[in-house]
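K.L.:
Could you have a look at this structure, given as structure tokens, before my questions?
The values are calculated or read from the model by the stated rules, or taken from the named source; none is laboratory data. A quick note: this is a predicted structure, and the numbers were derived from the prediction, not measured. No Cβ is skipped: glycine too gets one built from the backbone with ideal geometry, and neighbour counts run over all protein chains shown. Each accessible area value is taken on the protein alone, full model and side chains, heavy atoms only, with ligands, DNA and RNA left out. Shrake-Rupley method; radii C 1.70, N 1.55, O 1.52, S 1.80 Å.
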Amino acid sequence: MLKITIAGRPNTGKSTLFNGLTGTRDALVHDRPGVTRDTISGVTQGRPFQVFDTAGLENAKTGIASDSTSRAIDAITNADAILFVVDGRTGLTNEDIDWAKTVHRKTKAPVLLVVNKTESEKRLADTHEFYKLGFGEPTLISAEHKRGFDEIYAFLDKVAGTKPEKSETEQTDKKLKIAVLGQPNVGKSTFVNKVIGEKRQIVIDEPGITRDTIKIPTTFYGRDIILMDTAGLRRKAGVKDDVETLSALKSLDAIDKADVIILVVDATKNIENQTLGIAARVYDAGKILCVALNKWDLIDVNERDEKLLRLKHQFTNSFHQIIRPLIFAISAETGMGIKNLFRRIYEQWDISNTDAPTSLINRILEKLIETHQPPMSRLKRPMKIKFARQTGRHPMKITINVGGASDIPESYTRYLCRGFAEALKWEHLPIVIEYKKDDNPFD
């Protein structure tokens, strides 16, 4: 797949252009320069091109800006084509000139000079001065209003040397999507880097480094997956500004877009209510949850068994949506336990994509009723449970036809849920039981 890197100094509209080309809102967009820190990727709409949004290029020798710029330069070096973005309102700057020289030095790939923010002629600077960058004729666009995109696609088609063909988005959608969530500074990016086998994500011992939700296609433990690294989630009282608020919203949005959620927890600290709140949100969304107790290598060997048992009890007792949570002790730093974690995730994902035979479900239901009869209704009438079938996945859904009074108490529903889970090996999967009242032919 053709690799396209969007590059340029901060606040020229690179992330807005990325979102426009991919038809997503994956890149965090804000007027403040330097919001993008990691390199994120996506697929262009209608074409099989992989596009990378990079952090703004900055002259920094240390810190986050230095790490972000280093990753942006790596993306430039490995690209098949570059979209070099400048600000049409501000005009040519010394930073544009310096970074254009860097691009010339780092790659021989073709470069399209993109002059963004050109929707207003009154506010437009002299575009002829951009010829000084050595990239040829500027292409005037407005990323915010998606103007000028035809020229960009024409350039990309020419570089690819092929006619537009069907995008690989559908193939990407078929891959297992795993989102990595958790509070700030619990080791999410270290975990992602260990899985993908490279230092793709910026890792600094400081909360709030990751801002975008980064989707990384990779192969791990024999399976192609999409790994999604998210911004850290903290309590509302701890959120400092609107950029962090947007990052948190994108992290929560990842729950809906992912198939499986890995909730990373710092095992050296106590489980906070917010962590349990994230878990509850995952269960309510009907997604598979795996809790990764990170930094387990820092726990005293003599305390590990008792601590693991205590944490499992805490999660199990906190939720009725799940019979037995998936909880694993790992170390993102050393890699301990990560392969076993993914092996169990793949196992549960495969189980969740199967349909239980209706005959089997009804045999299980009969045994459950025989063992524990449903209680009388509020009107002191017997509850008649007639027939059951699986009607959904993710979450696993069983619909039970009932006759007569149907106000079945929650306690009995939980009993049925646990019985089905144990019989069908769904203990680690979210399960929903719904009741359908048979129509009375005499009504």
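K.L.:
Does the stretch 65-82 include one or more residues that are touching an Asp or Glu at 6+ places or on another chain (Cβ under 7 Å), modelled with pLDDT of 90 or more and buried (at least 23 other Cβ atoms within 10 Å of the Cβ)?
P.N.:
Scanning the stretch 65-82 turns up no residue that is touching an Asp or Glu at 6+ places or on another chain (Cβ under 7 Å), modelled with pLDDT of 90 or more and buried (at least 23 other Cβ atoms within 10 Å of the Cβ).
K.L.:
Further question: I'm trying to understand the selection: among the residues of the stretch 124-142, which are at pLDDT 90 or above and surrounded by 15 or more Cβ atoms within 10 Å (Cβ to Cβ)?
P.N.:
If the condition is that a residue be at pLDDT 90 or above and surrounded by 15 or more Cβ atoms within 10 Å (Cβ to Cβ), then Phe130, Leu133, Phe135, Pro138, Thr139, Leu140, Ile141, Ser142 are the ones that fit.
K.L.:
Check whether at least one residue in the stretch 300-317 is open to solvent by less than 60 Å² (accessible area, probe 1.4 Å) and assigned to a loop (DSSP other than H, G, I, E, B), and report yes or no.
P.N.:
no
K.L.:
Let me ask another. How many residues are without any contact (Cβ under 8 Å) to a residue 60 or more places away in the chain and more than 18 Å from Thr358 (Cβ to Cβ) when one looks only at the stretch 411-437?
P.N.:
So the answer is 5.
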